[in-house]
Each structure stands twice: as structure tokens, then as C-alpha cells.
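The values are calculated or read from the model by the stated rules, or taken from the named source; none is laboratory data. Remember, it's a predicted structure, so these values are computed and weren't measured experimentally. Note that each Cβ is placed from the backbone with ideal geometry, even for glycine, and that neighbours are counted across all protein chains shown. Ligands, DNA and RNA are stripped out before the accessible areas are found, and what is left, the full protein with its side chains, is counted by its heavy atoms. Shrake-Rupley method; radii C 1.70, N 1.55, O 1.52, S 1.80 Å.
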Amino acid sequence: QVQLAESGGGLVQAGASLRLSCAASGLTFSYYYMGWFRQAPGEERELVGAIGRNGGILYYRDSVKGRFTISRDNAKNTVYLQMNSLKPEDTAVYYCAADPSFDRLKLPMGPNYWGQGTQVTVSS
């Protein structure tokens, strides 16, 4: 079955960096659009960034532009989220997601496949 396994979350101070990884298995990775979502307590899940099948950047939400970078390595079936200059408002559970349709991927609960999430906490 399809599995998406995130790693790399943690507790950091404002201004620090983290790199999240999401290893995919059970699917033909290069066929899928990949995205990173986040959900803070009491908030809706929101798309942070999305990347196309061949690595083209499709979306960043405005609040992370210039600080976060999404990338993928199709040979390793892995998608990454490099997060720099972290702010307390970036605190959330971060989820990776996969879907063969970008129109479905970009919806808050649209993607077919989700990881279990990894907690990112940024202290001030």
C-alpha cells in the first residue's frame, strides 16, 4: 500500500532552519504531484507548497515565499521542504501529500494520500 513517511520536525527557536523529508513507497512517485500542508491547532489545513512531477514549483503560500523551498528527488522517492528563518507562526503539524492531479492536490483535504504528519514548533 501507499505510504508517505515524514521526518525532520522538531522544536527550534525563531530564525532557525529545519528540513522536512517525506519518503514515499507503494506508488510510482514520478507520476504524482507532491505537496506540503500544515495545520495549526484550531486552524484549517493549508497548502504550504506544491511541486510538479518533474520538479517544477507550482505553488508557495505567500507567508512562506522566500523562506521555504520545496524540492523532490524522484530517484529517491522523496520530497523535501527546506524551511529557513522560521517564525512562531510557522508552528504546526506538517503533512506531505500526493496526488496524480494537481487540481485535487491543492485542495485542503483533496489529496489521495497523506503522511502521518510531523510537528514543527518554533519558539520566540
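Comparison of 45, 38, 19 shows that the only residue that is surrounded by 20 or more Cβ atoms within 10 Å (Cβ to Cβ) and within 16 Å of residue 93 (Cα to Cα) is 38. The set of residues in the stretch 104-124 that are hydrophobic (A, V, I, L, M, F, W, C), surrounded by 12 or more Cβ atoms within 10 Å (Cβ to Cβ) and more than 14 Å from residue 49 (Cα to Cα) comprises 114, 120, 122. Annotation note: of 41, 100, the sole residue that is modelled with pLDDT under 95 and not charged (D, E, K, R) is 41.
For the stretch 15-37, indicate whether the set of residues that are part of a helix (DSSP H, G or I) and of a type in the set (S, T, N, Q) is non-empty. For the stretch 15-37, residues part of a helix (DSSP H, G or I) and of a type in the set (S, T, N, Q): present. Residues that are open to solvent by less than 40 Å² (accessible area, probe 1.4 Å) and within 16 Å of residue 78 (Cα to Cα) within the stretch 3-16 comprise 4, 6, 8, 9, listed in sequence order. Looking only at residues of the stretch 79-90 that are surrounded by fewer than 18 Cβ atoms within 10 Å (Cβ to Cβ) and either of a type outside the set (S, T, N, Q) or touching a Ser or Thr at 6+ places or on another chain (Cβ under 6 Å) (or both), we find that the one that is farthest from residue 122 (Cα to Cα) is 82.
The residues of the stretch 22-34 that are within 17 Å of the chain's Cα centre (by Cα) and either surrounded by 14 or more Cβ atoms within 10 Å (Cβ to Cβ) or free of Cβ contacts under 8 Å to residues at least 40 places away in the same chain (or both), listed by number, are 22, 23, 24, 29, 32, 33, 34. Just to be sure before I move on: is residue 44 in contact (Cβ under 8 Å) with a residue 60 or more places away in the chain and more than 15 Å from residue 120 (Cβ to Cβ) in the structure I sent? When the stated conditions are applied, residue 44 passes them.
Does the stretch 61-68 contain any residue that is assigned to a strand (DSSP E or B) and open to solvent by 10 Å² or more (accessible area, probe 1.4 Å)?
No; the residues of the stretch 61-68 include none that is assigned to a strand (DSSP E or B) and open to solvent by 10 Å² or more (accessible area, probe 1.4 Å).
Scanning the stretch 47-60 for residues that are part of a loop (DSSP other than H, G, I, E, B) and among the β-branched types (Val, Ile, Thr) returns no hits. Of the listed requirements (1) in contact (Cβ under 8 Å) with a residue 40 or more places away in the chain; (2) closer than 22 Å to residue 109 by Cα, residue 76 misses just one: (2).
Residues are listed down the side, and each one gets a yes or a no for (1) over 13 Å from residue 4 (Cβ atoms); (2) touching a residue at least 40 places away in the same chain (Cβ under 8 Å):
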{"residue": "54", "(1), (2)": "yes, no"}
{"residue": "57", "(1), (2)": "yes, no"}
{"residue": "100", "(1), (2)": "yes, yes"}
{"residue": "106", "(1), (2)": "yes, yes"}
{"residue": "116", "(1), (2)": "no, yes"}
